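Chemist: My questions will all concern the structure given below.
The values are calculated or read from the model by the stated rules, or taken from the named source; none is laboratory data. Keep in mind it's a predicted model, so treat the numbers as computed, not measured. Note that each Cβ is placed from the backbone with ideal geometry, even for glycine, and that neighbours are counted across all protein chains shown. Heavy atoms of the whole protein, side chains included, go into the accessibility calculation; ligands, DNA and RNA do not. Shrake-Rupley method; radii C 1.70, N 1.55, O 1.52, S 1.80 Å.
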Amino acid sequence: MKATIVFLLFVCMFAVCAADAGEPPAEWRVYIGTYTGGRSEGIYRLRLDAETGRIESLGLAGAAENPSFLALHPHKNILYSVGQGTDASGARRGLANAFVIDPEQGVLTLLNRESTVGAGPCHITVD
């Protein structure tokens, strides 16, 4: 379990840094998607100190049903997620979400949600 979390952190950190050309930041904003239920509510944000490796939880970034995979837009403050959830009619299906990222706090605001048509999406990318 810990190895999976560390791997996910690495992938998310790489995605955040890939969007910024030039000097690596001293601190990285990291987003983690979770399966919801119980106490989990969606996408969480963390701060990673690049020098010390210290990770600090900043709490919930945005509510989403089972955001199992995340992708950052390469040029805009938009984060995409996919997962299984309930659509507007109440049917269970795969969903893709788009969130606007607040540049100061990193909080996510839902921009749009669409059905993926398939029941269990597991990957999303931005082209």
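Chemist: Of all residues being among the polar types (S, T, N, Q) and within 17 Å of Y35 (Cβ to Cβ) in the range 75-127, which is surrounded by the fewest Cβ atoms within 10 Å (Cβ to Cβ)? Just the residue, please.
Modeler: T86
Chemist: While we're here: Taking strands (runs of 3 or more DSSP E) that do not extend beyond the range 29-126, which have at least 1 residues that are in contact with an Asp or Glu (Cβ under 8 Å, 6 or more places away or on another chain) and in contact (Cβ under 8 Å) with a residue 60 or more places away in the chain?
Modeler: 108-115
Chemist: What tally of residues in the range 59-71 results from selecting those that are open to solvent by 50 Å² or more (accessible area, probe 1.4 Å) and of a type outside the set (G, A, S)? Write out each step before concluding.
Modeler: First pass over the range 59-71, keeping only residues open to solvent by 50 Å² or more (accessible area, probe 1.4 Å): 60, 63, 65, 69.
Now narrow it down to the ones that are of a type outside the set (G, A, S): 60, 65, 69.
Residues in the range 59-71 being open to solvent by 50 Å² or more (accessible area, probe 1.4 Å) and of a type outside the set (G, A, S): 3 in total.
Quick grid of which residues meet (1) within 12 Å of the chain's Cα centre (by Cα); (2) surrounded by 12 or more Cβ atoms within 10 Å (Cβ to Cβ); (3) at pLDDT 95 or above:
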residue: K2; (1), (2), (3): no, no, no
residue: A19; (1), (2), (3): no, yes, no
residue: P24; (1), (2), (3): no, no, no
residue: Y31; (1), (2), (3): yes, yes, yes
residue: Y44; (1), (2), (3): yes, yes, yes
residue: R47; (1), (2), (3): no, yes, yes
residue: A50; (1), (2), (3): no, yes, no
residue: H73; (1), (2), (3): yes, yes, yes
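Chemist: Still on this structure, I have one more. When residues of the range 89-127 are filtered for being of a type in the set (S, T, Y) and more than 13 Å from the chain's Cα centre (by Cα), how many remain?
Modeler: 3
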